[in-house]
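Taking it in order: structure first as structure tokens, then the write-up.
The values are calculated or read from the model by the stated rules, or taken from the named source; none is laboratory data. Computed from a prediction, not measured in an experiment: that's the story for all the values here. So basically every Cβ, Gly included, is an ideal-geometry build from the backbone, and we count neighbours across all protein chains shown. Each accessible area value is taken on the protein alone, full model and side chains, heavy atoms only, with ligands, DNA and RNA left out. Shrake-Rupley method; radii C 1.70, N 1.55, O 1.52, S 1.80 Å.
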Amino acid sequence: MASYYFLLFVLVAVTAVSEADAEKKLSPDFYTSSCPKLLPIVKKGVIKGIKDETRIGASLLRLHFHDCFVNGCDATILLDDTSNFIGEKTAAPNNNSARGFDVIDDIKAKVEKSCPRVVSCADILALAARDSVVYLGGPSWKVGLGRRDSITASRADANNSIPAPFLNLTDLKTIFANHGLSVKNLVALSGAHTLGLARCLTFRAHIFNDSNIDASFAKSLQSKCPISGNDDLLAPLDLRTPTHFDNLYFKNILAKRGLLHSDQELLNGGSTGKLVKKYATDTVAFFKAFAKGMVKMSNIKPLTGSEGQIRINCRKVS
């Protein structure tokens, strides 16, 4: 009899855990009934933002990355500082570089008009990242929805959680693994650097101190980004097609023309180097791996059910 009750207890416990896990699962159909116009509203807002400034596509993708890497995909990166906390916008990886907040604000305002207090800012960020990639020529993927928004943020957590451009391969692997992401995810998601620009401050050490960089490429950058000064000067992460999502990022790395130290570090490992070579010659394989990586990343510790809240204004707790 005792064993019967023990087994019953185990069964109930396992069922409870399974149900909790089920509640955490996101679904592309989450807003089908409650906000049927959500997807076209977000897509239209993203396209408008990119048409106004092509660089915004990369900025929106980066916002989603930096959001998910700090305590999960819960829109903490969008919160302004308050008397209760210092948020993530002024953290080292985001200060004077995170952008696209106005585009998210505009999209959120239109979503609120269509379906008030229903859609989270975290879900809008996830959709905007996907729509940006697709509009700029990259792959598509189904975005699971149902996230809720955090009610706090931490600059310290952002400083400690977002991969820095000067990290070596071992540290990059560790940070990605800490978020449940594989080495394959690391290489594929690094391919997001096929889009956008980086500040001189982030690549100065690479072009002056590293040996694993093409000499002529380094020299061309040194004339614009000197050993001191010009910290905010911008250079394309992909010199050839910085506003088109393709696999040239990996070709650049093979040619020792990766802009960041962390980019070029991908060639320093056997498994990562093989993936760089594969994606440099196989766009289909890269697109498939990137899409899978984005799905996995966007599922990092989401707030669901009654956790967090649905913000009305993405910049502040409701």
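Computed values, structure above
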| item | result |
| --- | --- |
| Which numbered condition N299 fails, given (1) within 21 Å of the chain's Cα centre (by Cα); (2) within 28 Å of L127 (Cα to Cα); (3) touching a residue at least 12 places away in the same chain (Cβ under 8 Å); (4) open to solvent by less than 50 Å² (accessible area, probe 1.4 Å) | (4) |
| Candidates V143, V111, V119 - the one that is assigned to a loop (DSSP other than H, G, I, E, B) and over 16 Å from the mean Cα position of the chain (by Cα) | V119 |
| Criterion (loosely packed, with under 15 Cβ neighbours inside 10 Å and either of a type in the set (S, T, Y) or touching an Asp or Glu at 6+ places or on another chain (Cβ under 9 Å) (or both)) met by exactly one of T304, T281 | T281 |
| Members of the stretch 295-317 found to be of a type in the set (A, V, I, L, M, F, W, C) and assigned to a loop (DSSP other than H, G, I, E, B), listed by number | I300, I310, I312, C314, V317 |
| The one condition in (1) out of contact with any Gly (no Cβ under 7 Å at 6 or more places or on another chain); (2) modelled with pLDDT of 95 or more that S154 fails to fulfil | (2) |
| Neighbours by Cβ (under 7 Å, 6+ apart or cross-chain): first from the stretch 146-164, over 19 Å from R62 (Cα atoms) and touching a residue at least 40 places away in the same chain (Cβ under 8 Å); second among the small types (G, A, S) and crowded, with 19+ Cβ neighbours inside 10 Å | R148/S120; R148/A122; R148/G308; I151/G308 |
| Residue count, the stretch 122-135 (criterion: more than 23 Å from G305 (Cα to Cα) and either of a type outside the set (G, A, S) or part of a loop (DSSP other than H, G, I, E, B) (or both)) | 5 |
| When residues of the stretch 218-277 are limited to those that are open to solvent by 60 Å² or more (accessible area, probe 1.4 Å), out of contact with any Lys or Arg (no Cβ under 8 Å at 6 or more places or on another chain) and among the charged types (D, E, K, R), the one modelled with the lowest pLDDT | R240 |
| The stretch 188-217: number of residues that are in contact (Cβ under 8 Å) with a residue 60 or more places away in the chain, aliphatic (A, V, I, L, M) and open to solvent by less than 60 Å² (accessible area, probe 1.4 Å) | 5 |
| From the options A92, A75, residue that is out of contact with any Ser or Thr (no Cβ under 8 Å at 6 or more places or on another chain), closer than 20 Å to P163 by Cα and either open to solvent by 30 Å² or more (accessible area, probe 1.4 Å) or not aromatic (F, W, Y) (or both) | A92 |
| Odd one out for V111, checked against (1) farther than 16 Å from C73 by Cβ; (2) of a type outside the set (D, E); (3) open to solvent by 10 Å² or more (accessible area, probe 1.4 Å) | (3) |
| Of the criteria (1) surrounded by 17 or more Cβ atoms within 10 Å (Cβ to Cβ); (2) at pLDDT below 95, which one G146 fails | (2) |
